[in-house]
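J.: The following block contains the structure, expressed as structure tokens.
The values are calculated or read from the model by the stated rules, or taken from the named source; none is laboratory data. Remember, it's a predicted structure, so these values are computed and weren't measured experimentally. In this analysis, Cβ positions are derived from the backbone assuming ideal geometry, glycine residues included, and neighbour counts consider all displayed protein chains.
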Amino acid sequence: MTTPAAALVGVTQQFGGFTAVDSIDLKIPRGRLTTLLGPSGCGKTTTLRMLAGYSAPTSGRILIDGEDATRTPPEKRNLGMVFQSYALFPHMTVADNVAYGPKMRGVPGAERRRRAGEALELVGLAHLGDRKPKQLSGGQQQRVALARAVAIRPRLLLLDEPLSNLDARLRVQMRAEIRRIQSETGLTVVLVTHDQDEALEMSDEMVLMRAGKIVQTGAPRDVFPTPADRFVAEFLGYENFLTLADGRQAAVRPEHLRVVPLDTPADGAVALDATVRDVAYRGVDLLVTLDATDPAGTAVRLLADHRTDAAAGPTPSAGDRVRLLAPEARLALLPALSEPELDPVTEGIS
Amino acid sequence: MSAVLSRTAKLRHPVAGTLAVLGYVVMIVPILFVVATAFTAGSTLRFPPDGLSLRWFGEAVAYSPFLEAVVSSLELAVLATGLALLLGVPVTLAIHRGRLPGKDLLEGLFLSPLVVPELVVGLALYQQLMIGLRLDNFTTLLLGHTALLLPYAVRVTGASLALADPALEEAARGLGASPLRAFVTVTLPMLRPGLISAGLLGFVTSFNNVPLSLLLQTRDFRTLPPAMLDYVQQSYDPMVAAASTLVLAATVVVAVVAERTVGFAKIFGGINR
Ligand SMILES: Nc1ncnc2c1ncn2[C@@H]1O[C@H](COP(=O)(O)OP(=O)(O)OP(=O)(O)O)[C@@H](O)[C@H]1O
Ligand SMILES: [Mg+2]
């Protein structure tokens, strides 16, 4: 197995008495895109800043390319960082911003300009080199920040919520753009986000954090259907939680609950009888809120997406007695009720 | 009820407007009198002037005590401003970027000269430095003026620094700049407008200072304001008006330069932050 591009070993960061990052172990696989995902304040930025060398961990070690870099200052780490504010130098042109890194490395003028041009080319802004950052749109500034970080040929590219200042459409475009740049350059990328869709769409590897700890890691395809606990499940958009007849906990997404007439056979699905409480029209589907009794006999409030096309069967309305079907394959089984997972962690979930 | 309220609100504007105009009149009219009398052809300081001439300007420029005093004032203003900036910038950096525990205290300390009466400061300097330590009066004046300008330097450069994103320096470091190089290539350019404003403001403040300069003057080294006061006590001719007009003209030039390069809003925004 090759050495990871970077690794955190038992890294803790304390601010005063507060532990922002709590003894985490993490390997960043080479040439892939890893996201740090979690609600606001869970320690994502703190982790990234320790990796970049802007703050030293209280304890633990940071390895880059297998070598201890715990005390290495940022200028000696050769990592490309894109700040949430972009941090473009306002007094320099776009080209000078991008050429800054090569300049600090003593790359001669002509070569420096060539590299800056190349990096700007990569983000599609080669024609704007003479502008000042203030004369660019937010999306363009974001690309310049990317180009500047890439121009130093960094060992890792670190991105702190790079898309959060962009409008919704641009954000979705830039997801693909960052993926393209990653695969064209083969760079190892670490991206911080609190947006689960962004993480699912962009990651090779997702790292879910909560309160300074890592709660689950893995590829989106592995993490999404099998959240490690209720916190992860809620964070990934599982809205419904129930206890099965054998006492196991399960989570199910609203789009996987079918609302059908009372007499419909269960056909191997978990079936619950329910009363429709409320129906909200959302165009492609209806959001149906139901009061049900789960197989363990507990009263639960559930949400189901009911498609508006004819194939979905009769349209439910408030007060109807209906049957809910949850296909076994769609149930995410959670570990038995354990203490911290129970408190509703909803902060930062949008 | 609401009609009454809105009427009083409307009334307030004309009142404020009138007061503002009155304020300007009170400030500017005496200055206009001085300027007008400077152009007199007669030999008394009187309004309206007797005829029109530039003779008193010629006399003022040729009067050697004034000339020496102007040179002294310039020398002192330039040196004091330079020193204040040299001391003020590190203090600003410590306040805005450092991780000192007593930041607020430090900031308060460096702003205190703004509120201590200058006569008191002057007297203290006179007793402690000139009498106590036997420093010559130029050194004492230089120290006094530097202390006087320091709060301006800290405040005004601080205002530019407060506007700059701290991530800029981190970005520079991440791109391979040593702390010194990051300071020179990124922080210093951010500070430039503040340095220019603080420099101009400091220069003018020192040049026009009366209390310190009056208390700490000697025959060997005296700045323009005490020299002019001295002159007025002896003779009452329009030469002083001419000298004042020249100083005024120079100040206006400085102000225009300041406005063109960084803008007054920023300079004063810096002080009242
Ligand atoms: N310099 C600091 N001093 C004190 N506390 C800090 C400092 N930096 C971060 N913290 C605290 O550490 C915790 C983690 O902060 P961090 O910025 O890493 O969160 P985050 O996951 O990036 O959140 P967000 O999504 O809001 O950016 C927060 O509670 C924050 O208040
Ligand atoms: Mg953050």
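Quick grid of which residues meet (1) away from every other protein chain (no Cβ under 14 Å); (2) touching a residue at least 60 places away in the same chain (Cβ under 8 Å); (3) surrounded by fewer than 16 Cβ atoms within 10 Å (Cβ to Cβ):
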residue	(1), (2), (3)
A:Ile24	yes, yes, no
A:Thr34	yes, yes, no
A:Ser40	yes, yes, yes
A:Arg61	yes, no, yes
A:Phe83	no, yes, no
A:Thr93	no, no, no
A:Asp96	no, no, no
A:Gly101	no, no, no
A:Met104	no, no, no
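J.: Within region A:126-133, is even one residue out of contact with any Cys (no Cβ under 6 Å at 6 or more places or on another chain), within 12 Å of chain B (Cβ to nearest Cβ) and aliphatic (A, V, I, L, M)? Before you say what the answer is, go through the steps one by one.
T.: Taking region A:126-133 as the starting set, the residues that turn out to be out of contact with any Cys (no Cβ under 6 Å at 6 or more places or on another chain) are A:126-133.
When the remaining residues are screened for being within 12 Å of chain B (Cβ to nearest Cβ), the result is A:133.
Narrowing further to those that are aliphatic (A, V, I, L, M): none.
Looking through region A:126-133, none of the residues is out of contact with any Cys (no Cβ under 6 Å at 6 or more places or on another chain), within 12 Å of chain B (Cβ to nearest Cβ) and aliphatic (A, V, I, L, M).
J.: Return yes when A:Asp291 is over 18 Å from A:Arg253 (Cβ atoms), at pLDDT 90 or above and more than 27 Å from the chain's Cα centre (by Cα) and no when it is not. Explain how you work it out, then say what you get.
T.: On the way: over 18 Å from A:Arg253 (Cβ atoms): yes; at pLDDT 90 or above: yes; more than 27 Å from the chain's Cα centre (by Cα): yes.
Against the criterion (over 18 Å from A:Arg253 (Cβ atoms), at pLDDT 90 or above and more than 27 Å from the chain's Cα centre (by Cα)), A:Asp291 qualifies.
J.: With (1) in contact (Cβ under 8 Å) with a residue 24 or more places away in the chain; (2) more than 12 Å from every other protein chain (Cβ to nearest Cβ); (3) surrounded by 15 or more Cβ atoms within 10 Å (Cβ to Cβ); (4) not hydroxyl-bearing (Ser, Thr, Tyr) as the list, and A:Leu88 as the residue in question, which single condition is left unmet?
T.: Every listed condition holds for A:Leu88 apart from (2).
J.: Tell me the residue from A:Arg113, A:Arg148 that is surrounded by fewer than 21 Cβ atoms within 10 Å (Cβ to Cβ) and closer than 30 Å to A:Ile64 by Cα, please.
T.: Details: A:Arg148 fails: surrounded by fewer than 21 Cβ atoms within 10 Å (Cβ to Cβ).
When all the criteria are applied, what remains is A:Arg113.
J.: Separate question: Being hydroxyl-bearing (Ser, Thr, Tyr) and in a loop (DSSP other than H, G, I, E, B) is the filter; apply it to region A:197-244 and report the residue that is nearest to A:Lys27 (Cα to Cα). If you could, list the steps in order and put the result at the bottom.
T.: At the first step, the residues of region A:197-244 found to be hydroxyl-bearing (Ser, Thr, Tyr) are A:203, A:217, A:226, A:238, A:243.
With in a loop (DSSP other than H, G, I, E, B) added as a condition, the list becomes A:203, A:226, A:238.
Details: A:Ser203: 14, A:Thr226: 21, A:Tyr238: 27 Å.
The qualifying residue nearest to A:Lys27 (Cα to Cα) is A:Ser203.
J.: Could you please find all residues in region A:197-211 being touching a helix residue (DSSP H, G or I) at 6+ places or on another chain (Cβ under 8 Å) and within 16 Å of ligand 2 (Cβ to nearest atom)?
T.: Kept after step one, since they are touching a helix residue (DSSP H, G or I) at 6+ places or on another chain (Cβ under 8 Å), are these residues of region A:197-211: A:198-203, A:206, A:208-210.
Listed by number, the residues that qualify are A:Glu198, A:Ala199, A:Leu208, A:Met209, A:Arg210.
J.: Taking region A:1-33 on its own, how many of its residues are of a type outside the set (Gly, Ala, Ser), in contact with a helix residue (DSSP H, G or I) (Cβ under 7 Å, 6 or more places away or on another chain) and away from ligand 1 (no atom under 16 Å from the Cβ)?
T.: Looking only at that region, the number is 1.
J.: Can you tell me which residues in region B:35-56 are touching a helix residue (DSSP H, G or I) at 6+ places or on another chain (Cβ under 7 Å), assigned to a helix (DSSP H, G or I) and farther than 16 Å from B:Ser235 by Cα?
T.: B:Val35
J.: For region A:213-243, give me each residue that is surrounded by fewer than 22 Cβ atoms within 10 Å (Cβ to Cβ) and of a type in the set (Gly, Ala, Ser).
T.: Hits for region A:213-243 are A:Gly218, A:Ala219, A:Ala228, A:Gly237.
J.: For region A:42-52, state whether one or more residues are assigned to a loop (DSSP other than H, G, I, E, B) and away from ligand 2 (no atom under 16 Å from the Cβ). Can you show your working first?
T.: Keep residues of region A:42-52 that are assigned to a loop (DSSP other than H, G, I, E, B), which gives A:42-43.
Pick out the ones that are also away from ligand 2 (no atom under 16 Å from the Cβ) and you get none.
No, that holds for no residue.
J.: Can you tell me which residue within region A:182-196, out of those that are within 13 Å of ligand 1 (Cβ to nearest atom) and either in a helix (DSSP H, G or I) or out of contact with any helix residue (DSSP H, G or I) (no Cβ under 8 Å at 6 or more places or on another chain) (or both), is nearest to the other protein chains (Cβ to nearest Cβ)?
T.: Out of the qualifying residues, it is A:Asp195.
J.: Take the conditions surrounded by 19 or more Cβ atoms within 10 Å (Cβ to Cβ), more than 16 Å from the chain's Cα centre (by Cα) and of a type outside the set (Phe, Trp, Tyr) and apply them to B:Thr187. Does it pass? Show your work before the answer.
T.: Details: surrounded by 19 or more Cβ atoms within 10 Å (Cβ to Cβ): yes; more than 16 Å from the chain's Cα centre (by Cα): yes; of a type outside the set (Phe, Trp, Tyr): yes.
For B:Thr187, the condition - surrounded by 19 or more Cβ atoms within 10 Å (Cβ to Cβ), more than 16 Å from the chain's Cα centre (by Cα) and of a type outside the set (Phe, Trp, Tyr) - is met.
J.: On the basis of being in a strand (DSSP E or B), under 28 Å from the mean Cα position of the chain (by Cα) and surrounded by fewer than 20 Cβ atoms within 10 Å (Cβ to Cβ), does A:Arg277 make the cut? First the steps, then the outcome.
T.: On the way: in a strand (DSSP E or B): yes; under 28 Å from the mean Cα position of the chain (by Cα): no; surrounded by fewer than 20 Cβ atoms within 10 Å (Cβ to Cβ): yes.
Criteria not met by A:Arg277.
J.: Still on this structure, I have one more. Residues that are farther than 17 Å from B:Thr157 by Cα and in contact with a Gly (Cβ under 6 Å, 6 or more places away or on another chain): does region B:127-145 have at least one?
T.: Initial filter on region B:127-145 (farther than 17 Å from B:Thr157 by Cα): B:127-145.
With in contact with a Gly (Cβ under 6 Å, 6 or more places away or on another chain) added as a condition, the list becomes none.
Within region B:127-145, not a single residue is farther than 17 Å from B:Thr157 by Cα and in contact with a Gly (Cβ under 6 Å, 6 or more places away or on another chain).
J.: Shifting gears a bit: Mind telling me which of the residues A:Arg230, A:Arg148, A:Arg180, A:Arg169 ends up being more than 24 Å from A:Thr19 (Cα to Cα), touching a residue at least 12 places away in the same chain (Cβ under 8 Å) and of a type outside the set (Phe, Trp, Tyr)? Walk me through how you get there before you give the answer.
T.: On the way: A:Arg230 fails: more than 24 Å from A:Thr19 (Cα to Cα); A:Arg180 fails: touching a residue at least 12 places away in the same chain (Cβ under 8 Å); A:Arg169 fails: touching a residue at least 12 places away in the same chain (Cβ under 8 Å).
Sole residue among the options that is more than 24 Å from A:Thr19 (Cα to Cα), touching a residue at least 12 places away in the same chain (Cβ under 8 Å) and of a type outside the set (Phe, Trp, Tyr): A:Arg148.
J.: Quick one: how many residues across region B:162-178 are more than 8 Å from chain A (Cβ to nearest Cβ) and surrounded by fewer than 18 Cβ atoms within 10 Å (Cβ to Cβ)?
T.: Residues meeting the conditions: 3.
J.: Also, I was wondering about something else. Restricting attention to region A:315-336, and to residues there that are assigned to a strand (DSSP E or B) and of a type in the set (A, V, I, L, M, F, W, C), which single residue is surrounded by the fewest Cβ atoms within 10 Å (Cβ to Cβ)?
T.: Let us first name the residues in region A:315-336 that are assigned to a strand (DSSP E or B), namely A:321-326, A:332-334.
Now restrict to residues that are of a type in the set (A, V, I, L, M, F, W, C): A:322, A:324-326, A:332-334.
Values: A:Val322: 24, A:Leu324: 23, A:Leu325: 20, A:Ala326: 25, A:Ala332: 21, A:Leu333: 13, A:Leu334: 22.
Restricting to residues being assigned to a strand (DSSP E or B) and of a type in the set (A, V, I, L, M, F, W, C), the top hit is A:Leu333.
J.: Follow-up. Tell me, which residue of region A:17-41 that is hydrophobic (A, V, I, L, M, F, W, C) and under 19 Å from A:Gln182 (Cα atoms) is nearest to ligand 2 (Cβ to nearest atom)?
T.: Here is the first cut: in region A:17-41, the ones hydrophobic (A, V, I, L, M, F, W, C) are A:18, A:20-21, A:24, A:26, A:28, A:33, A:36-37.
Filter again for under 19 Å from A:Gln182 (Cα atoms), leaving A:28, A:33, A:36-37.
Details: A:Ile28: 18, A:Leu33: 18, A:Leu36: 9, A:Leu37: 12 Å.
In this case the residue turns out to be A:Leu36.
J.: Determine if region B:138-161 includes at least one residue that is in a helix (DSSP H, G or I) and within 14 Å of chain A (Cβ to nearest Cβ). Steps first, answer last, please.
T.: So the first thing to find is which residues in region B:138-161 are in a helix (DSSP H, G or I), and the list is B:138-161.
Add one more test, that the residue is within 14 Å of chain A (Cβ to nearest Cβ), and what stays is B:160-161.
For region B:138-161, residues in a helix (DSSP H, G or I) and within 14 Å of chain A (Cβ to nearest Cβ): present.
J.: To continue, here is another question. When you scan region B:114-129, do you find a residue that is at positive phi and not in a helix (DSSP H, G or I), even just one? Walk me through how you get there before you give the answer.
T.: Filtering region B:114-129 down to residues at positive phi leaves none.
Taking every residue of region B:114-129 in turn, none turns out to be at positive phi and not in a helix (DSSP H, G or I).
J.: Now, a different point. Any residue at all in region A:131-139 that's assigned by TED's automatic domain parsing to the domain that holds A:Met50 and under 23 Å from the mean Cα position of the chain (by Cα)?
T.: Here is the first cut: in region A:131-139, the residues assigned by TED's automatic domain parsing to the domain that holds A:Met50 are A:131-139.
Of the ones still in play, those that are also under 23 Å from the mean Cα position of the chain (by Cα) are A:138-139.
For region A:131-139, residues assigned by TED's automatic domain parsing to the domain that holds A:Met50 and under 23 Å from the mean Cα position of the chain (by Cα): present.
J.: Does A:Ala56 qualify as being assigned to a helix (DSSP H, G or I), within 14 Å of chain B (Cβ to nearest Cβ) and not charged (D, E, K, R)? Let's see the steps before the verdict.
T.: Values: assigned to a helix (DSSP H, G or I): no; within 14 Å of chain B (Cβ to nearest Cβ): yes; not charged (D, E, K, R): yes.
For A:Ala56, the condition - assigned to a helix (DSSP H, G or I), within 14 Å of chain B (Cβ to nearest Cβ) and not charged (D, E, K, R) - is not met.
J.: Next question. From the set of residues in region A:39-76 that are at positive phi and within 16 Å of ligand 1 (Cβ to nearest atom), which is farthest from the chain's Cα centre (by Cα)?
T.: Among those that are at positive phi and within 16 Å of ligand 1 (Cβ to nearest atom), it is A:Gly60.
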